[in-house]
Amino acid sequence: MEVIRHRLIEGGTMGLEYDASWDALECIIMLSGRLRVEYSVGEYVLQPGDTLSVQPVMQDVLVTALDDADFLYVCSTNVFDQYSDGTRELQRLVEEIEKKDGYTASHCERIRRNSLLIGHKMGLSSSDLIALSCGALFHDIGKINIPDEILLKKGRLTEEEFNITYISSLLS
């Protein structure tokens with residue numbers, strides 16, 4: 001069994017994704033703040049002292065921090081290394097995008113938050129909201145392979161520069 005203390009800043013999200021081979025017990029124990037938990041059978045708001053447990057997760061679940069929130073994530077099997085590896089890889093990509101274009105970092109987070117607000121109002125499923133969150137956050141990932149002199153150029157691109165950006169985006 002593992003217990004992980006987790007913090008989400010207001011507007012931050014995390015997903016519990018369905019996996020047919022997964023049968024572990026997963027539990028969230030609220031310490032502070034509020035979390036909105038969405039899946040196909042409904043939407044719940046967790047507050048300090050509340051718990052939510054499932055065994056196994058039978059559908060994708062989206063968790064969104066309504067305030068800065070601290071909680072314990074308890075799992076009956078070891079997930080920390082897998083979770084950490086995935087989080088580290090996503091963070092590496094975010095940092096790479098930020099290095100390439102500093103403006104993009106806050107822009108991508110704003111796009112992600114606004115996309116989730118719109119998706120929520122549209123009634124998208126938790127699975128679709130998880131995909132939307134990732135897609136919105138990384139929508140500028142194609143910038144990574146574009147040379148700085150083209151990415152930061154003022155004015156129109158030449159046909160050759162446009163072809164370079166097109167090919168670079170396909171390689172991302």
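Distances over 21 Å make up what percent of all Cα-Cα pairs in the chain? Everything past 21 Å amounts to 56 percent.
Multiply the residue gap between LYS154 and HIS139 by 0.36 nm, knock off their C-alpha separation, and tell me the result in nm, one decimal place.
Numbers: separation 15, 0.36 × 15 = 5.40 nm, distance 2.16 nm.
The span from LYS154 to HIS139 would gain 3.2 nm if fully extended.
Binning at 5 Å from 0, report for region 1-72 what percent of all alpha-carbon pair distances ends up in each bin. Each 5 Å bin holds this share of Cα pairs: 4, 17, 28, 27, 17, 6, 1.
Over the chain, what is the relative contact order in percent, taking alpha-carbon pairs closer than 8 angstrom and at least six residues apart? The partial results should precede the final answer.
Working: 286 pairs, mean separation 39.6, N = 172.
Across the chain, relative contact order equals 23 percent.
Between VAL3 and ASN78, the contour length at 0.36 nm per residue exceeds the alpha carbon distance by 26.1 nm.
So the label point goes 7 Å from the Cα of ASP23 along Cα→C-beta, right? Which residues of region 42-73 then have their backbone N under 18 Å from it? So the set is 54-59.
Spin-label pair MET58-SER106: with each label point 7 Å from Cα along the Cα-Cβ axis, the two points sit 4.5 nm from one another.
When the Cα positions of MET122, GLN59, CYS75 are compared along the charge dipole of the chain, MET122 comes out farthest toward the positive end, with charges on each C-beta of Lys, Arg, Asp and Glu.
Read-outs: derived from the displayed coordinates by stated rules, not from any lab. Treat the numbers as computed from the prediction; the structure is a model and nothing was measured. Because the Cβ atoms are built from the backbone with ideal geometry, glycine has one as well, and the counts that use them run over all protein chains shown.
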